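Heads up, the thing below is written out as structure tokens.
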Amino acid sequence: MDLALQLLFTGIGIGAVYALVALGFVLIFRATNVVNFAQGEFSMVAAFLMVVFAVDLQWPYWLSFLLALAGMALLGAIFNLGVYYPLRHRTFLPVIIATIGASILLANSVLAIYGPQPQVLEGWFETPGIQLGPVYLDSQYLLIIAVTMILVVFNYWFFEHTMLGKKLQATSQDKEMASLLGISVSTMIMITFMYSAVLGGLAGILVAPILFVSIQMGSTIALKAFAATIIGGFGDVAGAIIGGLALGIIETFGAAYISVPYKDGFAFLVLVLFLVFRPQGIFGERVAEKA
Amino acid sequence: MKLTRRDFAAGLAVGITAPYVIGSARAQGATIKIGMCVPVTGPAAEQGLWAQNGAKLALAAVNKAGGILGKQAELVIEDDQTTNPGIVLAFSKLAAQRDIVGFLGSIRSTQVHAMAPDVLKLGKPVMIGGTDPALTHMGNPWLFRFRPNDSYSGRVIADYGVNTLGKKKWAIVHSTDAFGTAGGKALASALEKLGTPAVLDQGYANQSQDFTPVVLAVKQSGADILGTYFTFENDLGIFARQLRQLGVNIPWVGSPSVVAVSSTKLAGPALYGTYGVADYAEDSSEASKAFGKAYRDAYKTAPDNQSAWPYDAVTVLAAAINKAGSTDPTKIREAILSLKKFPGAEGEYNFDQNGDGLHGYNVVRNEKGKIVYDKHIDFDN
């Protein structure tokens, strides 16, 4: 029982990380109908920005955090202008290929600037964690879970109860109609890219004290987050969260009770089962219709 | 000007023979050339630079001491791009230069495997740093290894844990890639031979974001000592932190990554008190100390095994050619194999018939972030 509780906590913690990155996938998919394969690299870039500000320049943690997120918003805007916007009238395929290209460019740019050595980023809290009975609660995982919960509420409020959120939703549902109603579609897409980059960046900064800051950190998380998005239902915010958490828990329990080396296998087995039996995911619309 | 038939024939003859004449003149040139395949680009470019530093340092010492066969030695460097196709191309470029008498290959076993067929075809000595035991056991007489192979690391870890630390209940944690699997097997078999079979043999996939299941398995096994083969330092760092967080504080003896500079930096206090095997440890011998000082004087930074083995490779190759008194590949091979108790930065070289020069490891320990030399364990067989 103690073992199961410990595994459950870790599973939710790692699942929350997948969920955060998956949110970025979902938002861009809803706005543009394409999957942004550079989403994981957004996490990696933000983590490296934190290392530059908080470790190399020794600026206060909160200031570094805000600057890194601002940097991500800027990167999202540049990404939109450089990768998505020139190809917006093409089919989804060239855009997806362009995002893959951009992810390789981002990873190698950071490699060229910072070198291959992983870097250390301290967490928000001085205490690494607390022992609660038989379960050890890592403070960074607690923070990640809290931030994910706050973001679920924030996203709901933002998309359902603010004008900007509703404009973004309208754009994602029908660009022509939104345009006829006087909504600037390109601005909405620009905002979506900026917000997604910030979300991806947030995930990267939060997970960096646990996984360290490395070039590969983005791609490993993004692959799982992508699976979480499909399981949850592409295009659904709640689905991304549930999918991420489910994936984290399944792979942690699978590793503990069945086989550690096949940990990733459990995640992708669940993905395959969903693709075969419920391709629209838990909550989502049919992937085939969108693609 | 009118071109006569005789002019044409003479021109043709010169054109055909020129490369051979020039090549032969180069072969009898003023320097002795050593080829080096090394990452100049790609993920290991930084380590490649350290390797070049080591080789160049040895070359300078050789030349200062009179060179090879009375001539100055020269290093011809070719980029292997840190890839298998890259090293095959780099080696074929170097192999085409007939005046190169010996080569330095890679520290990565997979790259050595890739170039090995061409090495066999060329029939000239190639110094390597890859530690897959199979490399010197596949009937290729031209590969000479300058680091102890992985079969020794398992034996040293087991020997140190059982005989020095007096621990009998082992948990083995290893990555499931080629390196980790081979290392884990070597450690398990060494423990069996010592009569203390492991109570847990746990593999994990590289780039795991979480090691809680592995740590809990170690905890539940009741092991009193941990032996590990981690491939990537960030995996090791995550594991070490979670191990301590979940209250596992048993002694830990691991493969070289446990005491690598980047692991020490990433894991911080979680690795204090751990032991690791290391092929290069500065305080292990007078030769290692001398190399460490020379390297620091030249490059203002501490060396590691990435630069130590190329240093030894160039030194041994030069000594062997001088001993053989010839650049004939067979004579060089015989001279290398006849070197006994040859002091190097990595240890004392005693080449066996397979081409393995070293037969043991240093054990070092992490004392509050500082890696200190503990003891050297060598095997006769």
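The values are calculated or read from the model by the stated rules, or taken from the named source; none is laboratory data. In this text, all values refer to a predicted model and were calculated from it rather than measured experimentally. So basically every Cβ, Gly included, is an ideal-geometry build from the backbone, and we count neighbours across all protein chains shown.
Residue-by-condition table, conditions (1) charged (D, E, K, R); (2) touching a residue at least 60 places away in the same chain (Cβ under 8 Å); (3) under 30 Å from B:Leu243 (Cα atoms); (4) in contact with a Leu (Cβ under 9 Å, 6 or more places away or on another chain):
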{"site": "A:Gly123", "(1), (2), (3), (4)": "no, yes, yes, yes"}
{"site": "A:Thr127", "(1), (2), (3), (4)": "no, no, yes, no"}
{"site": "A:Val135", "(1), (2), (3), (4)": "no, yes, yes, yes"}
{"site": "A:Gln140", "(1), (2), (3), (4)": "no, yes, yes, yes"}
{"site": "A:Leu143", "(1), (2), (3), (4)": "no, yes, yes, yes"}
{"site": "A:Phe154", "(1), (2), (3), (4)": "no, no, no, no"}
{"site": "A:Phe158", "(1), (2), (3), (4)": "no, no, no, yes"}
{"site": "A:Thr171", "(1), (2), (3), (4)": "no, yes, no, no"}
Filter result (out of contact with any Asp or Glu (no Cβ under 6 Å at 6 or more places or on another chain) and not in a strand (DSSP E or B)) within region B:168-185 | B:Lys168, B:Thr176, B:Asp177, B:Ala178, B:Phe179, B:Gly180, B:Thr181, B:Gly184, B:Lys185
Quick one: would you say B:Asp177 is under 19 Å from the mean Cα position of the chain (by Cα), in contact (Cβ under 8 Å) with a residue 12 or more places away in the chain and over 22 Å from B:Ala313 (Cβ atoms)?
-> yes
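Return the only residue of B:Tyr272, B:Tyr295 being of a type in the set (Phe, Trp, Tyr), more than 20 Å from B:Leu216 (Cα to Cα) and under 20 Å from the mean Cα position of the chain (by Cα).
Among B:Tyr272, B:Tyr295, only B:Tyr295 is of a type in the set (Phe, Trp, Tyr), more than 20 Å from B:Leu216 (Cα to Cα) and under 20 Å from the mean Cα position of the chain (by Cα).
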Only one of these conditions is not met by A:Thr220: (1) at pLDDT 90 or above; (2) closer than 30 Å to B:Val218 by Cβ. Which number is it?
-> (1)
Among residues belonging to region A:193-221 that are closer than 18 Å to A:Ala31 by Cβ and crowded, with 24+ Cβ neighbours inside 10 Å, point out the one that is nearest to the other protein chains (Cβ to nearest Cβ).
-> A:Gly200
Cβ-Cβ under 7 Å pairs, at least 6 apart or on other chains, region B:229-244 side in the same structural domain as B:Ala267 (by TED's automatic domain parsing), far side among the hydroxyl-bearing types (Ser, Thr, Tyr) and at pLDDT 90 or above | B:Tyr229/B:Ser175; B:Tyr229/B:Ser255; B:Phe230/B:Ser175; B:Phe230/B:Ser255; B:Thr231/B:Ser175; B:Gln242/B:Thr212
Which of the residues belonging to region A:26-44 are modelled with pLDDT of 85 or more and buried (at least 24 other Cβ atoms within 10 Å of the Cβ)?
-> A:Val26, A:Asn36, A:Ala38, A:Gln39, A:Gly40, A:Glu41, A:Phe42, A:Ser43, A:Met44
Expected single match for under 30 Å from B:Glu334 (Cβ atoms), touching a Gly at 6+ places or on another chain (Cβ under 6 Å) and either touching a residue at least 40 places away in the same chain (Cβ under 8 Å) or outside any strand (DSSP E or B) (or both) among B:Arg147, B:Arg155 is B:Arg147
In this structure, is B:Ala281 within 30 Å of B:Arg98 (Cα to Cα) and surrounded by 24 or more Cβ atoms within 10 Å (Cβ to Cβ)?
-> no
B:Ala188: passes all of (1) surrounded by 17 or more Cβ atoms within 10 Å (Cβ to Cβ); (2) in contact with an Asp or Glu (Cβ under 8 Å, 6 or more places away or on another chain); (3) touching a residue at least 40 places away in the same chain (Cβ under 8 Å); (4) under 19 Å from B:Ser257 (Cα atoms) but (3)
Taking A:Met177 as the residue in question, decide whether it is under 21 Å from the mean Cα position of the chain (by Cα) and part of a helix (DSSP H, G or I).
-> no
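Can we say B:Ala267 is crowded, with 23+ Cβ neighbours inside 10 Å, within 14 Å of chain A (Cβ to nearest Cβ) and not β-branched (Val, Ile, Thr)?
Values: crowded, with 23+ Cβ neighbours inside 10 Å: yes; within 14 Å of chain A (Cβ to nearest Cβ): yes; not β-branched (Val, Ile, Thr): yes.
Spelling it out, B:Ala267 is indeed crowded, with 23+ Cβ neighbours inside 10 Å, within 14 Å of chain A (Cβ to nearest Cβ) and not β-branched (Val, Ile, Thr).
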Please give the number of the condition B:Val277 fails out of (1) part of a helix (DSSP H, G or I); (2) within 30 Å of B:Lys168 (Cβ to Cβ).
-> (1)
How do the pairs read when you match residues in region A:250-265 that are touching a residue at least 12 places away in the same chain (Cβ under 8 Å) and more than 9 Å from chain B (Cβ to nearest Cβ) with residues anywhere that are buried (at least 18 other Cβ atoms within 10 Å of the Cβ) and small (Gly, Ala, Ser), using Cβ under 7 Å and keeping only pairs 6 or more apart or on different chains?
-> A:Ile250/A:Ala267
Within region B:97-121, can you find the residues that are in a helix (DSSP H, G or I), surrounded by 21 or more Cβ atoms within 10 Å (Cβ to Cβ) and not aliphatic (A, V, I, L, M)?
-> B:Ser109, B:Gln111
Qualifying residues in region B:212-241 (those that are part of a loop (DSSP other than H, G, I, E, B) and more than 9 Å from chain A (Cβ to nearest Cβ)) - the one farthest from B:Lys265 (Cα to Cα) = B:Gly222
Per the filter on region B:33-85, residues in a loop (DSSP other than H, G, I, E, B) and within 15 Å of B:Val316 (Cα to Cα) are B:Ala65, B:Gly66, B:Gly67, B:Leu69
What residue, among those in region B:242-258 that are surrounded by fewer than 24 Cβ atoms within 10 Å (Cβ to Cβ) and among the β-branched types (Val, Ile, Thr), is farthest from the other protein chains (Cβ to nearest Cβ)?
-> B:Ile250
Consider A:Leu49 against the criteria (1) within 14 Å of chain B (Cβ to nearest Cβ); (2) surrounded by 15 or more Cβ atoms within 10 Å (Cβ to Cβ); (3) not polar (S, T, N, Q): it satisfies all of them except one. Which criterion is unmet?
-> (1)
Those residues of region B:216-249 which are under 22 Å from B:Lys185 (Cβ atoms) and of a type in the set (Val, Ile, Thr), in sequence order = B:Val218, B:Ile225, B:Thr228, B:Thr231
Taking first residues from region A:18-47 that are touching a residue at least 60 places away in the same chain (Cβ under 8 Å) and second residues anywhere that are charged (D, E, K, R), the pairs with Cβ under 6 Å that are 6 or more apart or on different chains are A:Tyr18/A:Lys224; A:Asn33/A:Lys290
Name the residue, out of B:Asp297, B:Asp312, that is outside any loop (DSSP other than H, G, I, E, B), in the same structural domain as B:Pro39 (by TED's automatic domain parsing), of a type in the set (D, E, K, R) and surrounded by 17 or more Cβ atoms within 10 Å (Cβ to Cβ).
-> B:Asp312
Residues that are touching a Gly at 6+ places or on another chain (Cβ under 7 Å) and not aliphatic (A, V, I, L, M), drawn from region B:307-337 | B:Ser307, B:Trp309, B:Pro310, B:Tyr311, B:Asp312, B:Thr315, B:Pro329
